[in-house]
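The values are calculated or read from the model by the stated rules, or taken from the named source; none is laboratory data. Computed from a predicted model, the values in this text were never measured in an experiment. Note that each Cβ is placed from the backbone with ideal geometry, even for glycine, and that neighbours are counted across all protein chains shown.
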Amino acid sequence: MTRHNPLVSVVTPSFNKGPFIKETIQSIQDQSYSHIEHIVIDGGSTDETLAILKKYEGQISWVSEPDRGQSHAINKGWERARGEIIAYLNADDTYTRDAVETAVTYLNEHPDVGMVYGDGIMTDERGRFLEEGRAGEFSLRELVYCRDAILQPAVFLRKSVYDRIGGIDESLHLAMDLDYWIRVGLLFQVVHIPHILATAKVYGDAKSVALMHRYVSDYEHILEKVFADSYLPPELAAEKNAVYNYVYVKGGLDFIHLGRRREGMRYLGKAFRMNPFRCAGNVLALLGRYGYRNIIGRR
């Protein structure tokens, strides 16, 4: 299979995902690569989650106790992880059968690479196909502009990367993935594997959908760190104002699209005061790119 057979530690943060978590666990149990440690960090679920976890006793490692949210749960799991390669898979996402083997093979063959990610499929909560996500080659610049095309469940990294840069920023609750990819990309080589590795569910109750409009506040915190980082390439550091302008315009349009005009206009106002011409250009580009419907007349 591979020249080296490293242990892979997959952490699943969980809270009241009983309708989905069995499928998540089973997708790891069914992997073509078997040297896997699966750690479930549950935040004290009150649904059927615990009954499901108990059925896998001896096959997975799990704990159920109150925590400080998803980021904290991931960090707790990664602290316990014994594997040379680590990942996290949310309790409503799944791996394709050869996902782990594909990542391990690539990392074995490319010892200079710190993190890999693949492509994925998005479905609704019933598993019905929505779209295929092709991530494309890694671009630190795209991430700094908060344009994150990396599908989180399709990511695998070396434990040595975590040992160097630390865990997830627990002050972030929505864009912690973006923050982590940037931190990795500033210090390590990151590579895209053009192969479908995971399936992610997208539905109204999912945190990333329900709180979409609040990403911009996470982005502000991330950008404060990014532009204070000495490892940021000078050519990207020079784009600071352009990055903030883009992020404020995108955040403002997201708010307006959801009917929250006051907050939306506040962010658009920030962008306009920074550079009115750039703001106008970003508005036109984003209206064309994302196709916000009826955004001007929305109440």
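Looking at region 98-113, is at least one residue under 26 Å from ILE41 (Cα atoms) and within 15 Å of the chain's Cα centre (by Cα)? No, there is no match, as no residue in region 98-113 is under 26 Å from ILE41 (Cα atoms) and within 15 Å of the chain's Cα centre (by Cα). Before we move on, is ASN5 within 24 Å of ASP177 (Cα to Cα) and outside any strand (DSSP E or B)? It is false that ASN5 is within 24 Å of ASP177 (Cα to Cα) and outside any strand (DSSP E or B).
Within region 89-136, restricting attention to residues that are over 18 Å from GLY185 (Cα atoms) and aromatic (Phe, Trp, Tyr), the residue that is surrounded by the fewest Cβ atoms within 10 Å (Cβ to Cβ) is PHE129. Out of the residues in region 137-157 that are part of a helix (DSSP H, G or I) and not acidic (Asp, Glu), state the one that is surrounded by the fewest Cβ atoms within 10 Å (Cβ to Cβ). For region 137-157, the residue satisfying everything is ARG141.
Figure legend. Inter-residue proximity from region 39-60: first residues within 10 Å of SER14 (Cα to Cα) and modelled with pLDDT of 95 or more, second residues of a type in the set (Phe, Trp, Tyr) and assigned to a loop (DSSP other than H, G, I, E, B), beta-carbon distance below 6 Å, spacing 6+ or different chains. Indicated pairs: GLY43/PHE15; SER45/PHE15. Of the numbered criteria (1) closer than 30 Å to PHE20 by Cα; (2) at pLDDT below 95; (3) among the small types (Gly, Ala, Ser), the one ALA198 fails is (2).
Pairs linking a residue in region 177-195 that is over 17 Å from TYR88 (Cβ atoms) to a residue that is of a type in the set (A, V, I, L, M, F, W, C) and assigned to a strand (DSSP E or B), with Cβ atoms under 6 Å and 6 or more positions apart or on different chains, are GLN189/VAL113; VAL191/VAL113; VAL191/VAL116; ILE193/VAL116. Number of residues in region 46-86 that are of a type in the set (Phe, Trp, Tyr) and within 21 Å of GLY114 (Cα to Cα): the value is 1.
Select from region 167-195 the residues that are over 16 Å from the mean Cα position of the chain (by Cα) and more than 13 Å from VAL113 (Cα to Cα) and write down the one among them that is surrounded by the fewest Cβ atoms within 10 Å (Cβ to Cβ). Before the answer, list the steps.
Our first condition is that a residue be over 16 Å from the mean Cα position of the chain (by Cα); within region 167-195, this holds for 186-189, 193-195.
Then keep just the ones that are more than 13 Å from VAL113 (Cα to Cα); that gives 194-195.
Working: PRO194: 10, HIS195: 16.
My answer is PRO194.
In the set (1) of a type outside the set (S, T, N, Q); (2) more than 23 Å from ILE52 (Cα to Cα); (3) surrounded by 15 or more Cβ atoms within 10 Å (Cβ to Cβ), the condition left unmet by ARG164 is number (3).
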